[in-house]
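The values are calculated or read from the model by the stated rules, or taken from the named source; none is laboratory data. Just so we're clear, the structure is a prediction, and the values are computed from it rather than from any experiment. Cβ placement follows ideal geometry from the backbone for every residue including glycine, while neighbour counts extend to all protein chains displayed. When the accessible area is computed, the model is the full protein with side chains, heavy atoms only, and any ligands, DNA or RNA have been set aside. Shrake-Rupley method; radii C 1.70, N 1.55, O 1.52, S 1.80 Å.
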Amino acid sequence: MPQNFDSNEYTAVTQGNEAKALSAENAANPVVDAVPMKITFEFTGDCNLHCFFCDCEFGRNEFRKQGVHKFAMDETMFRAMAETAFPYVSVVNPTVIGEPMTFPHFDIMLEYAERFDVKLEIVTNGMLLKNPRLERMMPLLDRLTMSFDGGTKETFEHCRTGSKFDVVIRNLEQFRDLREVQGLIKKVKFTFGVTLMRENIEEFPAIIEWAHKLHVDEVSAGHLLVFTKELRGSSLFEHKALANKWIIKAKEKAEELGVPLTAPALFDIEDATVLEISHRGQGLDGEVGATGMLPRMDHISGPIVSDVPNRPQEVMAQESPPPAWSKEKGRYWCQFAWRQVFVNISGDVAPCCHQSRPVVGNVFQQDWNEIWNGKEYQALRKGLHEGKPMPYCASCSLLAEQGSVDYNEEGYIFEDKFPDQSRADQRPDKDPNSKRD
């Protein structure tokens, strides 16, 4: 990465970097003469919840068998990463494999964000979202994404194992009010991230109602990934017609309440009975509406998006609209290829969070440009632009939910990944031959 600058130059350096990154993307250049605008780290893998479906919790269970129970980066390594990356990136996400508020050096991270004028994207379960830390963190936020997987206390606490629904709602109400009092509604985005599964799909409209009550800016939903045979029944690949019905109902509720919603593309159901798309007066019960019926789900392309304008907010460069070429037939655009990167606790670099993602290098062992503009990254970018995506891109769940590629179970069902486990909320027995680290 580039050399250091004086503190008063950090904002200018960041803006120059953003311009270079977007220029490379607009030109579909496989070489990017800029660092990523957003980096998602794995500063911590610790979590205070034990959600039954969570692949990260399954992974922690495997380590627990060996006597390992702490999953956070030590302070020395964290400082080394922060001092290298924070001066140049626009947005940092401290973790997507754990709860960021459990990170022992969270307050030090806030100091770095203040020093280098970096915005934070926090993905949280909401249980630890409290003052005084919340007040300090608020002006440093670009976005807070709340994992919200149930519309009722019973379902929410079932899906978010270990959570307390009333505590989460109280904390989110405090966040809502503080954002308004501090005048940050246009600067700090507030999102619900929803994992859709059999357990909660019928409460999807109720989740929209909670988003409305809490002044959420957008609800973004995706399908459950399955990691054991026992949980296959939770996948909506096993309940496609039901999923389509309730996704449509959620869209209807979002439009009624004025909540921006992005939900997965509907399943193509070969033997489906006629199901009408809900939009301005169309129903869900089989009656022919004024605008007619759609006989097959494959008549619908792209994600299900509510007809509600996004609220006026300041948008960071890494969330700029896709390049013009992304609309050309046969091309694929991905927000990760030119704009973002993932760096795990060991320094391994991956282009995204897809289960089949490649490791393209290690920040402790290689020069950054050797990784970011190496053969694998260049082939990834070129493949997307030329309509010949890499195999791990072709099976990507995000592209499928955007309607860019067909749904494929290979992108969602990994039922043999943890053969000795059934549910992530069940603690494994410790391996008697292991030693605790």
> Using the per-residue mean of other Cβ atoms lying within 10 Å as a proxy for protection, in what order, highest first, do the peptides 344-351, 84-91 fall?
Replying inline: 84-91, 344-351
> Between the stretch 347-419 and the stretch 79-130, how many Å separate their Cα centres?
Replying inline: 24
> Counting only residues 5 or more places away or on other chains, whose amide H sits under 5 Å from the amide H of residue 141 once H atoms are built in the peptide plane?
Replying inline: 120
>> Which one, 347, 155, 387, projects farthest toward the positive side of the charge dipole computed for the chain from Cβ point charges (K/R +1, D/E -1)?
In response: 347
>> With the crude spin-label approximation of a point 7 Å out along Cα→Cβ, what separation in nm comes out for residue 198 versus residue 26?
In response: 4.9
>> Taking R0 as 30 Å, what FRET efficiency do you get between residue 366 and residue 406 from their Cβ-Cβ distance, rounded to the nearest 0.05?
In response: 0.25
> What FRET efficiency would be calculated for the residue pair residue 214, residue 33, taking the C-beta separation as r and a Förster radius of 51 Å, to the nearest 0.05?
Replying inline: 0.80
> In nm, to one decimal, how far is the residue 68 label point from the residue 242 one, both placed 7 Å along Cα→Cβ?
Replying inline: 3.7
> Per-residue HN-Hα couplings for the stretch 94-104, Karplus 6.51 cos²θ - 1.76 cosθ + 1.60 at θ = phi - 60°, whole Hz, x for Gly and Pro?
Replying inline: x, 5, 10, 10, x, 8, x, 5, 8, 5, x
>> Taking all protein chains in place and a 1.4 Å probe, what share, in percent, of the accessible surface of the stretch 1-147 do carbon and sulfur account for?
In response: 50
> Given labels modelled 7 Å from the Cα in the Cβ direction, how far is it in nm from residue 310 to residue 181?
Replying inline: 2.9
>> On a full-extension model of 0.36 nm per residue, what is the gain between residue 230 and residue 167, subtracting their alpha-carbon distance, rounded to one decimal in nm?
In response: 19.7 nm
> Tell me, Kirkwood radius of the stretch 344-400 from alpha-carbon pair distances, in Å?
Replying inline: 12.0
>> Need the C-alpha centroid separation for the stretch 7-62 versus the stretch 195-217, integer Å.
In response: 27
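Quick check on the chain: of the DSSP beta bridges with both residues there, what percent are antiparallel, nearest 5%?
Working: 7 of 35 bridges.
Once the DSSP bridges in the chain are tallied, antiparallel ones form about 20 percent.
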> Based solely on its DSSP helices, what 222 nm [θ] is calculated for the chain when runs of n ≥ 4 H residues each add -39,500 (n - 2.57) and the sum is averaged over all residues, nearest 500 deg cm²/dmol?
Replying inline: -9000 deg cm²/dmol
> Contour minus end-to-end for residue 153 and residue 133, with contour as 0.36 nm per residue of separation and end-to-end as the Cα-Cα distance?
Replying inline: 4.6 nm
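Roughly how many debye, to the nearest 20, is the charge dipole of the chain about its Cα centre, given +1 on each Lys and Arg Cβ, -1 on each Asp and Glu Cβ, and no other charges?
Charge dipole, the chain, about its Cα centre: 320 debye, nearest 20.
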> Which value, in Å², gives the accessible area per residue of the chain when a 1.4 Å probe is used on the protein heavy atoms?
Replying inline: 45
> On alpha-carbon atoms, Rg over Rh for the chain using Kirkwood Rh?
Replying inline: 0.95
>> On a full-extension model of 0.36 nm per residue, what is the gain between residue 325 and residue 415, subtracting their alpha-carbon distance, rounded to one decimal in nm?
In response: 28.7 nm
>> Checking the a/c ratio against 1.5 first, then a/b against b/c, what shape does the Cα gyration tensor give for the stretch 318-419?
In response: oblate
> What Kirkwood hydrodynamic radius, in Å, does the stretch 172-213 give when the mean of 1/r is taken over all pairs of distinct Cα atoms and then inverted?
Replying inline: 11.9
> Karplus couplings for the stretch 373-386 from phi (6.51 cos²θ - 1.76 cosθ + 1.60, θ = phi - 60°), rounded to Hz, Gly and Pro as x?
Replying inline: 10, x, 4, 5, 5, 5, 5, 4, 5, 5, x, 5, 5, 8
>> Not counting ligands, DNA or RNA, and with a 1.4 Å probe, what is residue 77's accessible surface area in Å² rounded to the nearest 10?
In response: 60
> Given the options 321, 30, 100, which has the most mean-square fluctuation in a GNM of the chain, springs set between C-alpha atoms less than 10 angstrom apart?
Replying inline: 321
